[in-house]
1. List the residues, sorted by chain then number, that are 5 or more residues from Arg176 or on another chain and whose placed amide H is less than 5 Å from its amide H.
2. Tell me, what is the FRET efficiency for Ala353 and His90 to the nearest 0.05, using R0 = 41 angstrom and their Cβ-Cβ distance as r?
3. In nanometres, what is the gap between the two model label sites at Arg63 and Thr242, each 7 Å from Cα along Cα-to-Cβ?
4. If I model a spin label as a point 7 Å beyond the Cα along the Cα-Cβ vector, how far apart are those points for Glu36 and Gln228 in nm?
5. Using modelled amide H (1.01 Å from N, peptide plane; none on Pro or chain starts), what sits under 5 Å from the amide H of Val265, excluding residues fewer than 5 places away?
6. Kindly write out, for region 69-84 in residue order, the coupling ³J(HN,Hα) from the Karplus curve 6.51 cos²θ - 1.76 cosθ + 1.60 (θ = phi - 60°), rounded to whole Hz, with x marking Gly and Pro.
7. Anything over 27 Å Cα to Cα? Flag those among Lys42/Lys298; Lys67/Lys165; Lys298/Lys348; Lys71/Lys293; Lys71/Lys298, in the order listed.
8. Taking amide H positions as placed 1.01 Å from N in the peptide plane, with prolines and chain starts having none, which residues 5 or more places from Thr319, or on another chain, fall under 5 Å of its amide H?
Amino acid sequence: MPLNNLRAAFRPAVRATRGAATSANSACQLAFDTVEPQEHDKQLVGQSLVICHGLFGSKQNWRSLSKTFAKRLGVPVYTVDLRNHGHSPHVRPHDYSHMAQDLSRFMRERGLAERGGVNLLGHSMQDLTRVSPTLRLCVGRLLMNHITCVLSARLLAHRFEAYTKGMQEIEDAKLRTKAEGDKLLQTYEKVCSCSWVQHSSHYTDDSFPHLPPPLRMYEPPQSLPTRQFLLTNALTDPTSQTLRFRIPLDILRDSIPSIGEFPYVPPSAAAIPEAMREERETASWSGPTLFIKGAHSKYINARNLPICRAFFPNMEMETLEAGHWVHAERPREFVDAVERFIRANTAKAAAAAAA
């Protein structure tokens, strides 16, 4: 999960707010919620925390933790819906570059980067969105729970595609209850499992020498928790009384190839083919970086850590006893890790400035 600390000073508002960020150029408006602390922390004065959800998620997923962060850190906490999720606009294209533009404009238009320290936190697909402005703008401090690079994201996209088809069929079948929707999704979950096994057996260690083997990067679907998570997007249409999804399934379905791409390569990964370097911008971030890994998740492993370090040479990593949704499974330990990281690096920056 990504967390960036852009330093300066600003005076936050004293009340909670909810709204949408003003758009400019190609960036769309982002729906967001704000939680203001009852008391502002003196060590972290001028800082804020921006939190983003994962694919098929929304800012609502972070409602509880955003309140905890505001209380523990004593800074304003913003949770945003990225394009085509939650209450944000349904627009094309849906790719990491445009999502990063949306997020960058959200921060700039609120003056967060210029007037205060922005701690940027994200998970799963959205970690790549968080990474994109970090690599492009080279600003801040990044906390990451999970990162996927280039090819590995393509393989995960097959799983997303199957789930998207399942949600579309729920709408087409005019189902009325989430229990019915869950039963239908189970059939697509079997497709996801078969796809995962097929890709895991098809690719070998030598297939793509510049990237870690897919077999060691991805986990099979996690059954009931995954289906319940997807169905949080299902609403009952007041007219037809049937289920419909608040996310634009057509846009997300058509964007699977874009979701499976990452527009950067690390400069120090010599094994990456020259042709791939020509297609993607080379970038890295040397600021303090934290990766928070679930011990039972294969997304971060010994084979892909060198690529992570190539992108973020000043990274550190903490491992919690959890799976992919580390923040949901171990919320207390997760908050502790985030707070330690922010406070430790704030203290280092203060000491360096005083020297």
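What follows is calculated from the coordinates using simple rules that are stated; it is not laboratory data. Everything numeric here is computed off the predicted structure, so don't read it as measured data. Counting neighbours? That spans all protein chains shown, and the Cβs are built from the backbone with ideal geometry, glycine included.
1. The list, which skips near neighbours in sequence, is Leu243.
2. For Ala353 and His90, the calculated efficiency is 0.40.
3. Here the modelled spin labels are 2.8 nm apart.
4. It works out to 3.5 nm between the two label points.
5. Residues meeting the criterion, in which the H sits 1.01 Å from N, are Glu281, Thr282, Ala283.
6. Along region 69-84, the couplings run 4, 4, 6, 6, 8, x, 10, x, 10, 10, 10, 10, 9, 6, 3, 6 Hz.
7. Those over the limit are Lys42/Lys298; Lys67/Lys165; Lys298/Lys348; Lys71/Lys298.
8. Amide H neighbours of Thr319: Lys293.
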